[in-house]
Amino acid sequence: HNEYYELGIQRMNRTLKTFKIDEEQLNVLKSKNFNGKILIITEPWCGDASATVPAVSKFFEGHNDVRIFYRDSDTSLIDQFLTNGTQSIPKILILNEDFSLKNVWGPRPQYGTELLKKFKENPESYPREEFYNDLQVYYAKNKGKDAIQEILELL
């Protein structure tokens, strides 16, 4: 895991450095009057997580209580939020003020899910390396904006 861990930390720092809060998205957040909490299940070595988690946590910080929960420290939590039977991360739990579950987002934005689907349906014509590369390029350009947009819609 170690090299992934290092890479993940580097990616997270890059995401944080280049992340700018989008004013329109901020206005949407304010208009929602959402006083709940954001609980993020993640791991530093996860590629999908390092691309979206820093942006999401930075966006909600100062407005909502944001907590990070490391998946592998206690898997009983992620086991309640499996993706097609797998412990995919990140999973972002949107909690009401009383900690009841309002909604769940993750592990990746719609665009990433579509790329994954394309790869799974046809790995011969769309090989893994190409899929990973396309996903990374998308994440680098998008800087968490789609993830935040999708989460805002779930509030």
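The values are calculated or read from the model by the stated rules, or taken from the named source; none is laboratory data. Note that the coordinates shown come from a computational prediction; the quantities given were computed from them, not determined experimentally. Here Cβ is always computed from backbone atoms with ideal geometry, including for glycine, and neighbour counts include all displayed protein chains. Only protein heavy atoms, including side chains, enter the accessible area calculation; ligands, DNA and RNA are left aside. Shrake-Rupley method; radii C 1.70, N 1.55, O 1.52, S 1.80 Å.
From L16, L29, grab the single residue that is at pLDDT below 95 and of a type in the set (A, V, I, L, M, F, W, C).
Working: L29 fails: at pLDDT below 95.
Going through L16, L29 in turn, just one is at pLDDT below 95 and of a type in the set (A, V, I, L, M, F, W, C): L16.
Open to solvent by less than 70 Å² (accessible area, probe 1.4 Å), assigned to a helix (DSSP H, G or I) and under 18 Å from E153 (Cβ atoms): does that describe F34?
Answer is no for this residue.
Would you pick out the residues in segment 109-155 that are part of a loop (DSSP other than H, G, I, E, B) and among the aliphatic types (A, V, I, L, M)? Spell out how you get there, then give the answer.
Quick first cut of segment 109-155, residues part of a loop (DSSP other than H, G, I, E, B) only: 109, 122-127, 143-144, 155.
If the condition is that a residue be part of a loop (DSSP other than H, G, I, E, B) and among the aliphatic types (A, V, I, L, M), then L155 is the only one that fits.
Six or more apart or on different chains, Cβ atoms under 7 Å: show the pairs whose first residue is in segment 13-25 and over 11 Å from V56 (Cα atoms) and whose second is of a type in the set (V, I, T).
Between residues of segment 13-25 that are over 11 Å from V56 (Cα atoms) and residues that are of a type in the set (V, I, T), the close pairs are Q25/I148.
Can you spot a residue in segment 86-95 that is open to solvent by less than 60 Å² (accessible area, probe 1.4 Å), out of contact with any strand residue (DSSP E or B) (no Cβ under 6 Å at 6 or more places or on another chain) and not in a loop (DSSP other than H, G, I, E, B)?
No, every residue in segment 86-95 fails to be open to solvent by less than 60 Å² (accessible area, probe 1.4 Å), out of contact with any strand residue (DSSP E or B) (no Cβ under 6 Å at 6 or more places or on another chain) and not in a loop (DSSP other than H, G, I, E, B).
Could you check F59 against (1) touching a Gly at 6+ places or on another chain (Cβ under 8 Å); (2) exposed (fewer than 11 other Cβ atoms within 10 Å of the Cβ) and say which number it fails?
(2)
Residue by residue through segment 65-80, note down the ones that are open to solvent by 60 Å² or more (accessible area, probe 1.4 Å) and either outside any strand (DSSP E or B) or among the polar types (S, T, N, Q) (or both).
D72, S73, D74, S76, D79, Q80, listed by residue number.
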